[in-house]
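Remarks on the structure that follows.
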Amino acid sequence: MLEIGLTGSIGSGKSTVAALLVERGAVLLDADAIVREIQEPGTPVFAAMVERWGDGIVADDGTLDRQAVADRAFGNVDELAALNAIVHPAVADEMTRRREALAGTDATVILDIPLLVESGHEGLAGIIVVDVDPELAVERLIKYRGFAETDARGRIARQASRTDRLARADVVVDNSGSLEDLIAQVDNVQAWLDGLDRPPLDQPVNRIGSSSESH
């Protein structure tokens, strides 16, 4: 299995790039999607979060009220640390389990991990960074995802800097233009992937960081 990290700031358009790579045959492991799964009602993570912050983080339909969690955790160092201690190990365990299920195959596995630079990336064959100007990311978060401006800026500020991400990139995808421009760049990424040496089928799966921004 060939493992490639995919990262970028919130609002950069990573999900679109990931979907385009899946269309070209890749297998996607999405840390944010895993977070949502492990936070469903009835899971140990959901129970631990409710124990920590009470029923105020539970929506009327019984699911997790993510905005209520964000209101409690983001901007408070101690509460954010508590949230990370509950969520991140469970995400890493599930990510490892899914990677182990793909071990021994010839799959190209895209690990979509928002905080990849912050949490570590040893053992990956390469890193793709989806890059966009932070101001454009803020604009997109407000327009398309309903973020308040202060929340959008705060979340971007808590992530690795644009400079740090670009310094770790093997390939940079500039998502500041049109969808057509993006598709052309993803075609180039696919050509790069096709040219990489594939690891032995019996290469062991190592645990890697899998932090997510979607708590």
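The values are calculated or read from the model by the stated rules, or taken from the named source; none is laboratory data. Because the structure is a prediction, the values reported are computed rather than measured. Note that we place each Cβ from the backbone using ideal geometry, even for glycine, and neighbour counts take in every protein chain shown.
Of all residues in the stretch 62-87, those that are more than 16 Å from residue 51 (Cα to Cα) have Cβ atoms under 8 Å from Cβ atoms of residues that are among the hydrophobic types (A, V, I, L, M, F, W, C), 6 or more apart or on another chain, in 74/80. Residues that are among the hydrophobic types (A, V, I, L, M, F, W, C), surrounded by 16 or more Cβ atoms within 10 Å (Cβ to Cβ) and more than 21 Å from the chain's Cα centre (by Cα) within the stretch 37-77 comprise 48, 53, 57, 58, listed in sequence order.
Checked against the criterion of being in a helix (DSSP H, G or I), among the acidic types (Asp, Glu) and within 26 Å of residue 19 (Cβ to Cβ), the stretch 53-71 contains not a single residue that satisfies it.
Kindly provide the set of residues from the stretch 164-185 that are in a helix (DSSP H, G or I) and either under 18 Å from the mean Cα position of the chain (by Cα) or small (Gly, Ala, Ser) (or both), ordered by number.
Just the residues of the stretch 164-185 that are in a helix (DSSP H, G or I), to begin with: 164-168, 179-185.
Selection gives 164, 165, 166, 167, 168, 184.
State whether one or more residues within the stretch 86-109 are within 24 Å of residue 159 (Cβ to Cβ), of a type in the set (A, V, I, L, M), at pLDDT 95 or above and not in a helix (DSSP H, G or I). Within the stretch 86-109, one or more residues are within 24 Å of residue 159 (Cβ to Cβ), of a type in the set (A, V, I, L, M), at pLDDT 95 or above and not in a helix (DSSP H, G or I). The set of residues in the stretch 7-28 that are modelled with pLDDT of 95 or more and closer than 19 Å to residue 98 by Cα comprises 18, 19, 21, 22, 25, 26, 27, 28.
Does residue 59 meet the test of being out of contact with any Phe, Trp or Tyr (no Cβ under 8 Å at 6 or more places or on another chain) and within 30 Å of residue 189 (Cα to Cα)? No: the conditions fail for residue 59.
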